[in-house]
Structure formats: C-alpha cells, structure tokens
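Notes follow the structure.
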Amino acid sequence: MLLLWAVRMVRTGVERAHGTRLKSALRGAKGGTAQMALVGMVLAVVLQSSTAVGILTAGFVTSGILTVSTGIAALLGADLGSALVVKILSFDLSGLIPFLLLVGSTMFLKFEARGVKQTGRIVLGIAFILLSLQMVGQATEPLRDSALLPGLVGYLRGDPLTAFLVAAVIAWVVHSSVATVLLFVTFASGGMLPLEVALPMVLGANLGGGIIAVWLTRGMEIEARRIPIGNLIFRGVAAVLVLTLLQVGDLPVHYLGATEAVQLVNFHLAFNLVLVLLALPFVRSMERLATLILPDPVVAASAEAMAPIASMLDRALVGNPTVALASAKRELLRMGEIVAAMYHPVMELMDGGNLDKIARVRALDDEVNRKHTDIKLFIAEVNRGKLTERESKLGGDLTNFSINLEYIGDIIAKSLLSLAEERAQKKLRFSPEGWAEMCNLHNRVGANMQLALNVLVSGDVESARQLVKEKEEMRKLGRDSHDRHLERLRNAHADSIDTSDIHLETVRSLKEINSLLVTVAYPILTESGHLLESRLAKSI
C-alpha cells in the first residue's frame, strides 16, 4: 500500500506543479504519431503512470485537439515510458532514501510557494517508493523458506496461462502496472519467483495495465474510449503472442542481464520497445478497428433523453422554513455542479474547437436557468410564511448566490464558449506564454469553484476566508497576465496580436466568475465578524 500511495503521490505532485506545461507539451505534439509516442513516453516517465497519459489524451480527443490515432500513439509511448520508470527504480537507490526524505519534507513543510511544495511532494514520493520496495524485500524474505511457496510456484510453472491472468488481475486491481512489475521484480530478486513464472506474469501485468485505462475512461465519450481500446488490443495481442513463444521455444532472455531480476526488468522494457516500433505504423488501422468496435451512437432526441434533472425542491415543505431552506440549499448545490460541468472543459474547447461539444456544453445553460428560476420562486414562496430573522437572511443569501451562479452560466455560455467558437472559426493560435497564463487562471478559478460549493454546504469560516483571499490573488494574477500580454504586443508577437481580444476577454471573464463565486463567503464572514464593511481607508 505504501508503494501504491507513493506512486500516486509522485503523479499528483507533478500534475499540480507542472500540469499545465505537461498538457501544453501534449497538445503541441499533435503533428505525427512518432512525435506523439515520444511525448507520451516522456510524460509517463515524469508522471510515473501511463494511465495518467491515457486519461489526458482521451480528454484531448474529446475536445478535438488530438485524433484517435495520435492518442493511441501517445499511449503506446506512455507504456514504454512506464517501463523506463521500472528500469530506473529497479536500481539499488536505497542509499538515497534519507537524503530524499530530508529534502522532500523540508520543501513540503517549510515553503509556501506552490511549486516548491509540490516538488517536495514528488521527492518524498520517490523516497517512499524506494523505501517501500526495500520493506517488501525484507518482509517477504522469510517466504523463501515457506513450505507452501514451492508448491505454488510449481503449479504456476506448469500453468503459465494462470500466472498470466493472475498478474493481469493484480495490475488492474492495484491500478498500477509500474507497482505490479516492481513487486514481481522484488520477488524475483529475493529468489521467490523463478524466471519461467515471472515472465508470463510480467506479460500479464502489461495486459492489466491496458485494462486500467479502458476501465477509467468507460464513462467518457465514444471517441475518447477508442484510444485505450486500441492500445489494449495492441498490448493484448502482443502479450499473448509472446506468451505463446515462451511455451513453444526458449527465448534468449539470458542475454538481457546477469541476474533474473535484471533479465525480468529488461524483458519488460524490450517488450514495450518492440511493441511501439511494430505498432506505430498501424495506429490508423487500429483507429478504424476501434471505430468498428465502438461505433458512433445514433442520437435520438427522445422525451426521456431530454428530461431535466429531477428537482430537490418539495412544495410540501414550504410551511417548514428550516427544512425547506435546506432543500433549497441542496438544489443550489446541484445547480453549482452543473455550472462546474460547463466550466471544466472551457480551455480544452478553447484549444480544440469541437463545435458539437461547444453546443452540448452551452445547452447546459438552459438547465442552469431553469434551476435558478425554480430556486428563486421556491424561496420567495417560503418567505411568505413566518420566518425567523436568521431564516429570512439565509433565504436571501441563497437567492443571491443562485443569481450569481446563473450569471456565471451566462458568462460561460455567451462569452467564453463564443470566444472558443471564434478561435476555431478563424483558426487562431495562442502564444505558448498566453496559453499557459489562461490555463493557470482557469485552473485556479476551477479550484475556487469547488471551494465555493464546499463553503455553501459547510459554512466553514476558515474556508470562507481562504476563498476571499483568492479574490485578491486572482486580481493580481489577472493584472500580471494583462501586463505580460501588452508586453508581447509591444514586441510584435504575431500569435499574441491575432488572439489579443480573445485573450483579454477570457482573462476578464475568468476574473468575473471568480468574483461571483466569492460572494458565497461574504454572509458567513460578515456574521462571524471577519469581514470589514468597507475596503476604503479612513479619510485623513
């Protein structure tokens, strides 16, 4: 469990510190399959997860930035990258553990800068990976003398298909082919897993690694799901073929290293390298096969499909203000979740220009407007009864935030999505610097949106204070982005000139959305005495 957690810790640290740059690298490599495979490999090494790269590429295919074939190429490269991670971590790096723990914990605990803290998280994660492998080796050492182990190994030696399938299930259950292969290598180095059993299990882990991405993308759109399906077919066919070769003849694995553990690591690396080289020329054919397996659905505008989400508002509760306002808050939370669903894909649509998805996201604004009207009228009806002063104030606060969420929906539908359409129609490109600035602002507002919804539910004063502080931080970031954009215009940067209006309007809209979100915190801070009545200094 420490190994699994440590692998995830490294990945989340990289995503939080460098997520925007990683996505920019992936979107900038869409020119060819070989380039996509290389970028996918590098990203998998950085993230220590081919599955994370698969999720990224699936999202980009949905928004129209990548094609299915280039996405499959990126995932093939990512699998090679994860094999390189196994190779790196298989070296004896235990002497670095104390140093990595000291440096990582110092960076994470003693520094406030987000980049430094997340880099500390990455360093700590690497230290925990090395520590967990050392602990697994020490804890399983007595198993070499176990009376059960020879029988189990003997059975798996005589039934390589079972060993293959068991390893595939293990990789899928733990959701990490890297961790699974590292465990097998550790067992092999301890003499508990002979090579003739370990080789089929490594092939099974490769199959299970492909299943992970298929499982995690099962709720995405059809085009996104074709990428892991294509990759799984490549990996599954290759793994079964190599498993068959292992049974009909002896592969010269002794050339891959001096010890069984080294041979196992190099076998895993060689399998993925050969797979990339052989599969890349056929990714477009695989795209067609994946399309046959997952065809585009026939869209039927049935009354059931178009039915709105059921309301949490119950008119029978109007006479009980406390319960009625609680149901109004629940409905307001659902309204906020729909707004978040509209907001989340904005930058992908700004980049990819998928007009069909833009239209689908914009259609959610009708549901936002309907819920706003229902909440407003429901609270107005509750207010006609006898309410305490506190209940009356809560009703007004909920109504005001409902109005603000409805306005955020309008900003997304009428401003940001319109800008995405304009960029797609004119085929404009943002400068790398400008794109990174907008993505950073978008991510920050997205995090604040989740915080605002949490504050709505919890009423927590500290969370409300944090949300209000974010308004000042957003003001600073927006001003800095504005100044840097003007500097690029002065330097006659062609991409900045072409997209100037879109850039400035996007930044302005993001700041406005953030300001509207912050309003949920004001009543909480006012009531607790944490908010001043005016930001103006007293006159002298």
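Restricted to the range 513-534, and to residues there that are surrounded by fewer than 16 Cβ atoms within 10 Å (Cβ to Cβ) and part of a helix (DSSP H, G or I), the residue that is modelled with the lowest pLDDT is SER528. When you scan the range 151-164, do you find a residue that is under 16 Å from PHE184 (Cβ atoms), of a type in the set (Phe, Trp, Tyr) and either modelled with pLDDT of 85 or more or open to solvent by 40 Å² or more (accessible area, probe 1.4 Å) (or both), even just one? The answer is yes; a qualifying residue exists. Taking the conditions exactly as written (open to solvent by 30 Å² or more (accessible area, probe 1.4 Å) and either in a helix (DSSP H, G or I) or of a type in the set (S, T, N, Q) (or both)), does LEU203 satisfy them or not? Considered against the rule, which asks whether it is open to solvent by 30 Å² or more (accessible area, probe 1.4 Å) and either in a helix (DSSP H, G or I) or of a type in the set (S, T, N, Q) (or both), LEU203 comes out as no. Restricting attention to the range 215-229, the residues being over 17 Å from SER176 (Cα atoms), out of contact with any Ser or Thr (no Cβ under 8 Å at 6 or more places or on another chain) and part of a helix (DSSP H, G or I) number 2. A search for C-beta distances below 8 Å between a residue of the range 222-235 that is open to solvent by 10 Å² or more (accessible area, probe 1.4 Å) and at pLDDT below 90 and any residue that is of a type in the set (Ser, Thr, Tyr) and not in a helix (DSSP H, G or I), counting only pairs 6+ apart in sequence or on different chains, returns ARG225/THR217.
With the condition kept exactly as written, say whether any residue in the range 348-360 is of a type in the set (Gly, Ala, Ser), modelled with pLDDT under 85 and assigned to a helix (DSSP H, G or I). Within the range 348-360 (the criterion being of a type in the set (Gly, Ala, Ser), modelled with pLDDT under 85 and assigned to a helix (DSSP H, G or I)), the answer is yes, since at least one residue qualifies. Condition check for LEU278 on (1) in contact (Cβ under 8 Å) with a residue 60 or more places away in the chain; (2) closer than 26 Å to LEU294 by Cβ: one failure, at (1).
Can we say LEU109 is surrounded by fewer than 16 Cβ atoms within 10 Å (Cβ to Cβ) and at pLDDT 85 or above? Considered against the rule, which asks whether it is surrounded by fewer than 16 Cβ atoms within 10 Å (Cβ to Cβ) and at pLDDT 85 or above, LEU109 comes out as yes.
All of ALA340, ALA380, ALA359 fail the test of being in contact with a Leu (Cβ under 8 Å, 6 or more places away or on another chain) and not β-branched (Val, Ile, Thr), apart from ALA340. Looking at the range 63-74, is at least one residue open to solvent by 50 Å² or more (accessible area, probe 1.4 Å), over 25 Å from ASN440 (Cβ atoms) and modelled with pLDDT under 85? Yes, that holds for at least one residue.
Among the residues of the range 142-149, is any at pLDDT below 75, of a type in the set (Lys, Arg) and over 37 Å from the mean Cα position of the chain (by Cα)? Yes, the range 142-149 contains at least one residue that is at pLDDT below 75, of a type in the set (Lys, Arg) and over 37 Å from the mean Cα position of the chain (by Cα). Filtered by the rule that a residue be open to solvent by 80 Å² or more (accessible area, probe 1.4 Å) and among the charged types (D, E, K, R), the range 449-464 gives a lone residue, GLU462.
The values are calculated or read from the model by the stated rules, or taken from the named source; none is laboratory data. Keep in mind the model is a prediction, meaning the values are calculated, not measured. Positions of Cβ are backbone-derived with ideal geometry, glycine not excepted, and every protein chain shown enters the neighbour counts. With ligands, DNA and RNA removed, areas are computed over all heavy atoms of the protein, side chains included. Shrake-Rupley method; radii C 1.70, N 1.55, O 1.52, S 1.80 Å.
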